Amino acid sequence: MKRLFVFFSTAVIIIGCGPTRQEYDALLAKKQELELEVLNLKQVIENYETTPDRLYCGVAELVANKDIEGLSALYSKFEKYHPASSECQKTKDALGKLVEEKETKERAEKAKRMQAVSKLKKQYDDISGCTWYYNPYFTHYENRNLVSLYIGQEGTTVWLRLKMSYEGEDWIFFEHAYLSYDENTITIPFDEYRDKKTDNGYGGRVWEWIDVPVNDGLLTYLKGMVSGKTLKMRLSGKYTHTRVLTTNERKALQDELLAYDVLKNGE
């Protein structure tokens, strides 16, 4: 009985400490009034921030950054708040110009990619069924000091090969081959008996060369190399031969890489 009395007394005290119904309704009404006031203030701020002149202030930066998505979002605000304003029309024009520039650039890049294939020298072997694509700037004979790429295609299968050659008065008997650009060097793996060839000709001239497939790692390296400042090749064995690649060699490598990408991955 004593416990029940204590519980009842505590309950009376707790209830007695709370607001009355009238006070509660007044507080609720005040809360709703404040919420409405905040909503009205937000609308005032939004209307202020979306005046035509304030909205248009952001157009120049978006155009400079070629931010089509951002400019499109800004134009949507103009359509919502100020569809008849001159700023809305100017934003629409700016957006249209950016979209047109982007589409023109994409068409030019597509044409450039297709041209990379069409400019190559194309040879079809009706016996093997293979089509070979060679660069148009020079023919890579074995008795030349050159580096080049060429492409093979059979049906939907496309592959890339690298050729490196030396020509001179003396044999170098190279056992290692390297490509290098801006202090980035890669070793070109090759089988000395399967991939390397030698020959000699008139006047005692000699030549040595390799012809190897391009794997993924070498492909990635070559893509970086063609944008380097100074491109070099080195063949090293009993003696060493190092040379800087010419402008034509660089251009030929670039075109072959682009054409390979088009033939393998499409437009």
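The values are calculated or read from the model by the stated rules, or taken from the named source; none is laboratory data. Computed from a predicted model, the values in this text were never measured in an experiment. So basically every Cβ, Gly included, is an ideal-geometry build from the backbone, and we count neighbours across all protein chains shown. To get the accessible areas, we keep the full protein, side chains included, count just its heavy atoms, and leave off ligands, DNA and RNA. Shrake-Rupley method; radii C 1.70, N 1.55, O 1.52, S 1.80 Å.
Once amide H atoms are placed 1.01 Å from N in the peptide plane, what residues at a sequence separation of 5 or more from Asn145, or on another chain, have their amide H within under 5 Å of its amide H?
Sorted by chain and number, the residues that satisfy this are Glu167.
Let me check I have the definition right: for the stretch 191-254, take the eigenvalues of the Cα gyration tensor, multiply each by 5, take square roots. What are those semi-axes in whole Å, largest first?
Those come to 25, 16, 11 Å.
How long is the gain from Ser85 to His176 if the chain were fully straight, where each residue apart is worth 0.36 nm and the alpha carbon distance is subtracted?
25.7 nm
How compact and how long is the chain, expressed as Rg and Dmax of its alpha-carbon atoms in Å?
For the chain, the Cα radius of gyration and maximum Cα-Cα distance read 37.1, 128 Å.
Taking 0.36 nm per intervening residue step and subtracting the Cα-Cα distance, what contour gain separates Arg243 from Val99 on full extension?
The span from Arg243 to Val99 would gain 47.2 nm if fully extended.
Around Phe190, which amide H atoms from residues at least 5 apart in sequence, or from another chain, sit under 5 Å from its own amide H, with H modelled in the peptide plane?
Here nothing satisfies the definition.
Taking R0 as 41 Å, what's the FRET efficiency between Lys66 and Ile127 from their Cβ-Cβ distance, rounded to 0.05? List each step's numbers first, then the result.
On the way: r = 51 Å, r/R0 = 1.25.
It comes out at approximately 0.20.
Can you list the lysines whose alpha carbon is less than 30 Å from that of Lys80, not counting same-chain residues fewer than 8 positions off?
Within reach: Lys42, Lys66, Lys90, Lys92, Lys97, Lys102.
What is the spin-label model distance, in nm, from Ala108 to Lys31 if the labels are put 7 Å beyond Cα along the C-beta direction?
Going from the Ala108 label point to the Lys31 one covers 6.2 nm.
Could you do me a favour and compute the accessible area per residue for the chain, 1.4 Å probe, result in Å²? Please list the in-between numbers first.
On the way: 17770 Å² over 267 residues.
Averaged over the residues of the chain, the accessible area is 67 Å².
At Ser236 and Lys77, where each label point lies 7 Å from the Cα along Cα→Cβ, what is the point-to-point distance in nanometres?
6.1
Could you work out how far helix 216-225 tilts from the main Cα principal axis of the chain, as a 0 to 90 degree angle to the nearest 10?
Roughly 90 degrees, rounded to the nearest 10.
Heavy atoms only, probe 1.4 Å: what % of the accessible area of the stretch 74-126 goes to carbon and sulfur, would you let me know?
Exposed carbon and sulfur together represent 49 percent of the surface.
Relative to the longest principal Cα axis of the chain, at what angle does helix 2-17 sit, 0 to 90 degrees, rounded to 10?
80
In what sequence, highest mean first, do 104-112, 152-160, 251-259 appear when ranked by Cβ atoms within 10 angstrom?
The densest-packed peptide leads the list: 251-259, 152-160, 104-112.
With θ taken as phi - 60° and the coefficients 6.51, -1.76 and 1.60, list the Karplus ³J(HN,Hα) couplings across the stretch 156-173 in order, rounded to whole Hz; mark glycine and proline as x.
In residue order, the calculated couplings are 8, 8, 10, 9, 10, 10, 10, 10, 10, 9, 10, 9, x, 7, 10, 5, 10, 6 Hz.
Could you give the nm distance between label points at Val206 and Arg161, where each point is 7 Å from its Cα heading toward the beta carbon?
A separation of 2.5 nm, rounded to one decimal place.
For the stretch 80-92, just list the computed ³J(HN,Hα) in residue order, Karplus coefficients 6.51, -1.76 and 1.60, θ = phi - 60°, integers in Hz, with x standing in for Gly and Pro.
6, 9, 9, x, 9, 7, 5, 5, 5, 5, 5, 5, 4
Which Rg and Dmax, in Å, describe the Cα atoms of the stretch 47-164?
Cα only, the stretch 47-164: 25.8, 77 Å (Rg, Dmax).
Between the helical axis of 21-49 and the dominant principal axis of the chain, each derived from Cα atoms, what acute angle in degrees is found, rounded to the nearest 10?
Between helix and principal axis, roughly 40 degrees.
For the stretch 140-147, what does the Karplus curve 6.51 cos²θ - 1.76 cosθ + 1.60, with θ = phi - 60°, yield as ³J(HN,Hα) per residue in whole Hz, taken in order and with x for Gly and Pro?
Each residue of the stretch 140-147 in turn: 8, 6, 5, 8, 9, 8, 8, 10 Hz.
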